[in-house]
Amino acid sequence: MELQIEDSELVRDYISGDEKALEILINRHNQRITSFIYSKVLDRDITEDIFQDTFIKVIKTLKRGRYSEEGKFLPWVMRISHNLIIDHFRKNKRMPMFEGNDDFNIFSVIGDDKLNAEKQLIKDQIDTDLRELIEELPDDQKEVLLMRIYKDMSFKEISENTGVSINTALGRMRYALINLRKIIEKNNIVLTN
Amino acid sequence: MEKIYSNYQEQTEFKKVCPKTINFLLSFSKALYDVKYKDLEFETFLN
């Protein structure tokens, strides 16, 4: 018959500095405590976390000499894990955890406006290419397009600044865009992000 | 009846934490020291 050392004796040994006693205690009650936690939280990772937090509390209490052998070791540990499970659900209620799945990812709906590094590089490259293409336009068209797109001026302001009528400014803008498209098509340039 | 109870089977399975968690706890325990000075108590970690 295998002789099993009592929990209380192992606890005493551990408090006296025998680290092996803790290993025996953890392994002895591993399945019981883990199954108990899992039956409540139904999540493998959370179970591991709560088990770990439970024994961190156990270790700290024992090392500080604050453990009193009033009851038994296992019910005491179970009570700690029970309290931590309640803490977990309280915390989750205040701040519900959302997990995406294969069908739906929350980040496809919400996201920040910033482009990632790769997209920012592509955008910068497109901006540079476009500026080079604009340089190919006749001066009068280029002037109107730059004022409208890059300086965000209205056609009324453009006509006042260039000394031409609004209709002429509109016409130059139209031709500027038509010519830009022609240059893009002719050179097979792809300007997409 | 069997089908109804099968929904709760996973809940009642016997589980164990992974050895990594146990190793962490044993290392944590070895590293943790409680230092007392007069009425003060400090937790220290020795690597």
In Å, what Rg and Dmax follow from the Cα atoms of region A:7-94? 13.3, 41
For the pairing of chain B with chain A, what total accessible surface becomes buried, with a 1.4 angstrom probe, in square angstrom to the nearest 100? 2300 Å²
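State, as an integer percentage, the relative contact order of region A:132-193 based on alpha-carbon contacts under 8 Å between residues 6 or more apart.
Details: 35 pairs, mean separation 22.1, N = 62.
So the answer I get is 36 percent.
If you average the sequence gap of Cα pairs under 8 Å that are 6 or more apart and divide by the length of chain A, what percent do you get for the contact order? Write down the numbers at each step before the final one.
Numbers: 93 pairs, mean separation 28.5, N = 193.
It rounds to 15 percent for chain A.
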Ignoring solvent entirely, what values of log10 I(q)/I(0) come out of the Debye formula for chain A at 0.17, 0.18 Å⁻¹ when each Cα is a single scatterer? -1.09, -1.15
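What is the sum of charges, Lys and Arg at +1 and Asp and Glu at -1, for the other residues whose Cβ falls under 14 Å from the Cβ of residue B:46?
Numbers: positive: A:63, B:30; negative: A:19, B:34, B:43.
Local net charge: -1.
Go through A:57/A:91; A:123/A:151; A:123/A:186; A:91/A:114; A:57/B:20; A:20/A:91 and tell me which ones have a Cα-Cα distance over 26 Å in this structure. Spell out each step's value before the answer.
Numbers: A:57/A:91 19 Å; A:123/A:151 19 Å; A:123/A:186 22 Å; A:91/A:114 31 Å; A:57/B:20 18 Å; A:20/A:91 34 Å.
Going by Cα-Cα distance, A:91/A:114; A:20/A:91 fall outside the 26 Å limit.
The values are calculated or read from the model by the stated rules, or taken from the named source; none is laboratory data. Every value quoted in this text rests on a predicted model; they were computed, and no experiment measured them. Glycine also receives a Cβ, built like all others from the backbone with ideal geometry; neighbour counts cover every protein chain displayed. Only protein heavy atoms, including side chains, enter the accessible area calculation; ligands, DNA and RNA are left aside. Shrake-Rupley method; radii C 1.70, N 1.55, O 1.52, S 1.80 Å.
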